[in-house]
Amino acid sequence: QVQLAESGGGLVQAGGSLRLSCVASGSIFSINNMGWHRQAPGKQRELVAAITRGGSTNYADSVKGRFTISRDNAKNTVSLQMNSLKPEDTAVYYCNAAIRSSSSNYYFASWGQGTQITVSS
């Protein structure tokens, strides 16, 4: 079994900062891409940021210059530093990763349960 667990959500005023962290645990053989998605009420889930095992990153246009994704391959963690937060960043944020377990030859998408970020104006 592989699990992803997020932490760091909460309430913040516009212009403030938050840092999200996610740790993968279980019988992990290898982790490929990791990332963060978000889903606001009434909207579809969207990619916020992604990072490859080698450290290449990709960001949604709406967060470029404000959010920074990073990972620690040794600790199976991915983080999202969010600065200059806006009310439109309010959403449930989900950690995701492509994980190959010790008992499989394939990578499967794993998701965390999500953490709420609320940005007040």
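The values are calculated or read from the model by the stated rules, or taken from the named source; none is laboratory data. Since the structure is predicted, the reported quantities are computational estimates derived from the model, not experimental observations. Here Cβ is always computed from backbone atoms with ideal geometry, including for glycine, and neighbour counts include all displayed protein chains. Note: accessible area is taken over every heavy atom of the protein model, side chains too, but ligands, DNA and RNA are not part of it. Shrake-Rupley method; radii C 1.70, N 1.55, O 1.52, S 1.80 Å.
Observations on the model:
- Mean separation of Cα contacts under 8 Å (6+ apart) over length of the stretch 77-121, as relative contact order %: 45 percent
- Counting charges near Tyr107 (Lys, Arg +1; Asp, Glu -1) among other residues having Cβ under 14 Å from its Cβ returns a value of +2.
- Share of carbon and sulfur in the accessible area of the chain stands at 45%, probe radius 1.4 Å.
- For the chain, the solvent-accessible area works out to 54 Å² per residue, with a probe of 1.4 Å and every protein chain left in place.
- Whole-number percent relative contact order across the chain, with pairs defined as alpha carbons under 8 Å at least 6 apart: 36 percent
- Size descriptors for the chain (Cα atoms only): Rg and Dmax, in that order, 14.1, 48 Å.
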